[in-house]
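Read through the structure below, which is laid out as structure tokens, and then see the notes.
Please treat every number below as a calculation from the coordinates, not as lab data. If you're wondering where the values come from, they're calculated on a predicted model, not measured in any experiment. Because the Cβ atoms are built from the backbone with ideal geometry, glycine has one as well, and the counts that use them run over all protein chains shown.
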Amino acid sequence: MKIEWNKVTWYSMVLAIIIYVGTFALAYYLGEQRAEIKIYSQQTEQILSQQNNNNQVINSVVFQCIDNKSIRAIFFRDKVELSLSDQRNMVLMQAISASGARYANTDESIVFWNKGDTAFIQEGDVTTYENCVVVPAESAE
């Protein structure tokens with residue numbers, strides 16, 4: 001086949017149509033990808049904002065319990081970080097409670113109860129930290 005440069009052939013028309021349609025298809029595809037990226041970035045910003053809100057400390061107290069035990073509790077919006085006098089540290093998520101605040105691990109084998117200035121911890125069926133009361137801030141340090 002001989003190429004004639006100044007003559008329109010059916011090959012050149014088909015190629016022009018393919019390039020024309022392909023350009024618009026590519027532009028449409030890239031536009032859709034950009035929209036998805038924009039939505040994804042907005043969702044990521046919302047998630048990060050919620051995480052930052054969840055990580056804001058609401059209150060921090062020390063409870064003194066019987067048997068010379070103590071609990072340092074840092075309260076967040078939906079969880080509590082506990083540092084126990086037996087050197088254990090744990091994070092418990094807020095759970096359903098009829099009265100007061102209740103926090104538990106996923107299998108509810110450890111439950112921290114708090115109401116007003118009192119608290120206790122149940123591990124299984126045993127209350128391991130009981131009759132805990134808030135230590136005034138100047139005494140806690």
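With 72, 77 as the choices, which residue is closer than 19 Å to residue 131 by Cα and surrounded by 11 or more Cβ atoms within 10 Å (Cβ to Cβ)? Unique residue meeting the criteria: 72.
Condition test on residue 102, is it of a type in the set (D, E, K, R), without any contact (Cβ under 8 Å) to a residue 40 or more places away in the chain and surrounded by 12 or more Cβ atoms within 10 Å (Cβ to Cβ)? When the stated conditions are applied, residue 102 passes them. Of the residues that make up region 57-72, is at least one touching a helix residue (DSSP H, G or I) at 6+ places or on another chain (Cβ under 7 Å), within 22 Å of residue 136 (Cα to Cα) and of a type in the set (Val, Ile, Thr)? Within region 57-72, one or more residues are touching a helix residue (DSSP H, G or I) at 6+ places or on another chain (Cβ under 7 Å), within 22 Å of residue 136 (Cα to Cα) and of a type in the set (Val, Ile, Thr). Within this structure, residue 32 fails the test of being under 20 Å from residue 120 (Cα atoms) and not in a strand (DSSP E or B).
Identify, from the list 107, 67, 86, the residue that is among the charged types (D, E, K, R) and in contact (Cβ under 8 Å) with a residue 12 or more places away in the chain. Before the answer, list the steps.
On the way: 107 fails: in contact (Cβ under 8 Å) with a residue 12 or more places away in the chain; 67 fails: in contact (Cβ under 8 Å) with a residue 12 or more places away in the chain.
Criteria check complete, one pass: 86.
Of all residues in region 45-59, at least one satisfies being under 22 Å from residue 111 (Cβ atoms) and assigned to a strand (DSSP E or B). Within region 94-121, restricting attention to residues that are more than 15 Å from residue 79 (Cβ to Cβ) and of a type in the set (D, E, K, R), the residue that is nearest to the chain's Cα centre (by Cα) is 107. Only one of the listed residues (74, 3, 39, 18) is free of Cβ contacts under 8 Å to residues at least 60 places away in the same chain, assigned to a loop (DSSP other than H, G, I, E, B), over 18 Å from residue 123 (Cα atoms) and β-branched (Val, Ile, Thr). That residue is 3.
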